[in-house]
1. Keeping to segment 283-326, report how many residues are over 22 Å from Ala209 (Cβ atoms), of a type in the set (Gly, Ala, Ser) and within 16 Å of ligand 2 (Cβ to nearest atom).
2. Checking the structure you have, find out if any residue of segment 104-124 is small (Gly, Ala, Ser), surrounded by fewer than 14 Cβ atoms within 10 Å (Cβ to Cβ) and not in a helix (DSSP H, G or I).
3. In this structure, is Ile338 under 30 Å from Lys80 (Cβ atoms) and crowded, with 17+ Cβ neighbours inside 10 Å?
4. Take segment 131-144 and flag every residue that is surrounded by fewer than 22 Cβ atoms within 10 Å (Cβ to Cβ) and touching a strand residue (DSSP E or B) at 6+ places or on another chain (Cβ under 6 Å).
5. Given (1) over 21 Å from the mean Cα position of the chain (by Cα); (2) within 26 Å of Lys122 (Cβ to Cβ); (3) within 16 Å of ligand 2 (Cβ to nearest atom), where does Leu227 come up short, assuming only one miss?
6. Is it the case that some residue within segment 205-226 is in a strand (DSSP E or B), touching a residue at least 24 places away in the same chain (Cβ under 8 Å) and either surrounded by 17 or more Cβ atoms within 10 Å (Cβ to Cβ) or away from ligand 1 (no atom under 16 Å from the Cβ) (or both)?
7. With the structure loaded, tell me whether Ile267 is within 16 Å of ligand 1 (Cβ to nearest atom), under 23 Å from Pro377 (Cβ atoms) and buried (at least 22 other Cβ atoms within 10 Å of the Cβ) or whether it fails that test.
8. Scanning for something surrounded by fewer than 24 Cβ atoms within 10 Å (Cβ to Cβ), β-branched (Val, Ile, Thr) and more than 16 Å from ligand 1 (Cβ to nearest atom), does segment 317-330 turn up at least one residue?
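Derivation of every value follows stated rules applied to the coordinates shown; laboratory data play no part. Every value quoted in this text rests on a predicted model; they were computed, and no experiment measured them. Here Cβ is always computed from backbone atoms with ideal geometry, including for glycine, and neighbour counts include all displayed protein chains.
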Amino acid sequence: MSSKGQKGKKVSQDLDDDMEFLLAASAANKAKIAESIEKSLIPDSVFANLPTAPIDVNPSRNFGPRHIMEYDEKIGYRPKEEQMKNIQKLEDALPDFREAGIIHQSVREWALNSEIIKPGVKLYDMCGQIEEAVRRMVKFDPPYRGLAFPCGCSINHCAAHYSPVPGDETILGSSDVMKIDYGVAINGHIIDSAFTVSFNPVFDPLINASKEATNAAIKMSGPDARLGDIGATIEEIISSYQLELDGKIYNIKPVYNLGGHQMDDYIIHCGNHIPLCKDRSGSENNERMKYGELYALETFATSGKGIVFDDGATSHFMVSRSPAKIKNGSQKELYDCIQNNFKTMAFCQRFIERSGMRKYQLALNDLVHSKAVTPYPPLSDIKGSYVSQHEHTFAILEHHKEVFSRE
Ligand code: CO
Ligand code: CO
């Protein structure tokens, strides 16, 4: 079928009509995008019980210390010059770390107490609500004030990096074991913290295993603490727990190929890796913590094999460190959007949509294919197993540690 031409009209009139049509179409398209962002925004009523943003409570930002922990033993030496520089850098950023820590804790408590997290909720909505609560409390201003990575909600045998992609209709079940892991970043200063939720008390030992291990590991941490010793303690604690399911006993073990990590400005993983088990290579892990380092200490306890592998649709992405060729057009448009909004921090499809981009999936596939963007797929243990996780962020300062993600 073709449209009928209008005989007898002047050419210029036709051109005017075309132009008018194009302008109207463009306006309609813009309105459609604005409307779909509006629609994807969550009603205010959901956030009725959300605490006031810390920056509104304390505009001068002189936030008090979070959870201060003394070093276990007297450290035998003062920080070296390079370490003193790193301590200074952390101290300069204390208002950011403390504000982000307050926000992380407030959103966690709000989500647990205002029924954002409960059996029957759609995980896609739950993650979006947690992320939006962070945006409200942090006064969202990407890339300076926002989320350090997507809200993860890894379920049961999935240990990490699962967050529903658009179209994922998964509902939280009453016997699920869910790891909620999200990050708050202010000026690139990241708080990475996670906890495990279950509504069935049979999983309490599994949850307590990672909680106790993380707390013990943070207690051991400090200048000169050997990463190998921390890993051995984590394994010993986690392995002392058992899970009883339907009359069957399961030994709990750490996830051997996951661990804690150091962080830097806008960078979620760098430097030291904190193992979750004792050295098995024969060569001792003599790497030690130092003054002026920032850690996200996380442990995972599992009733499965203790090894996780890539599993399922990817929601977590990050720009690659190595430079890549970006084609002009939709690829360049998406790449610019990613850099402007997230810099080198992780993002997901929800984040891209929230920034106003539509029809980005092909361009995203292309960026992954050309290695400009790295995918971080969900990581799972064997089907039928259950994994718990517990994580906090702390800094090794001159006289003590400060755990920012709790008070
Ligand atoms: Co985390
Ligand atoms: Co982490």
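1. Number of matching residues: 1.
2. Residues of segment 104-124 that are small (Gly, Ala, Ser), as a first pass: 106, 111, 114, 120.
Next cut, surrounded by fewer than 14 Cβ atoms within 10 Å (Cβ to Cβ) only: 120.
Among the residues that remain, those that are also not in a helix (DSSP H, G or I) are: 120.
Looking for residues that are small (Gly, Ala, Ser), surrounded by fewer than 14 Cβ atoms within 10 Å (Cβ to Cβ) and not in a helix (DSSP H, G or I), one finds at least one in segment 104-124, hence yes.
3. Working: under 30 Å from Lys80 (Cβ atoms): no; crowded, with 17+ Cβ neighbours inside 10 Å: yes.
Here the answer is no, as Ile338 does not meet what is asked.
4. Within segment 131-144, the subset surrounded by fewer than 22 Cβ atoms within 10 Å (Cβ to Cβ) is 135-136, 139-144.
Result: Lys139, Phe140.
5. Going through (1) over 21 Å from the mean Cα position of the chain (by Cα); (2) within 26 Å of Lys122 (Cβ to Cβ); (3) within 16 Å of ligand 2 (Cβ to nearest atom) one by one, Leu227 breaks only (2).
6. Within segment 205-226, the subset in a strand (DSSP E or B) is 226.
Subset that is touching a residue at least 24 places away in the same chain (Cβ under 8 Å): 226.
Right, trim to either surrounded by 17 or more Cβ atoms within 10 Å (Cβ to Cβ) or away from ligand 1 (no atom under 16 Å from the Cβ) (or both) and you get 226.
The answer is yes, given that some residue of segment 205-226 is in a strand (DSSP E or B), touching a residue at least 24 places away in the same chain (Cβ under 8 Å) and either surrounded by 17 or more Cβ atoms within 10 Å (Cβ to Cβ) or away from ligand 1 (no atom under 16 Å from the Cβ) (or both).
7. Numbers: within 16 Å of ligand 1 (Cβ to nearest atom): yes; under 23 Å from Pro377 (Cβ atoms): yes; buried (at least 22 other Cβ atoms within 10 Å of the Cβ): no.
Against the criterion (within 16 Å of ligand 1 (Cβ to nearest atom), under 23 Å from Pro377 (Cβ atoms) and buried (at least 22 other Cβ atoms within 10 Å of the Cβ)), Ile267 does not qualify.
8. The answer is yes, given that some residue of segment 317-330 is surrounded by fewer than 24 Cβ atoms within 10 Å (Cβ to Cβ), β-branched (Val, Ile, Thr) and more than 16 Å from ligand 1 (Cβ to nearest atom).
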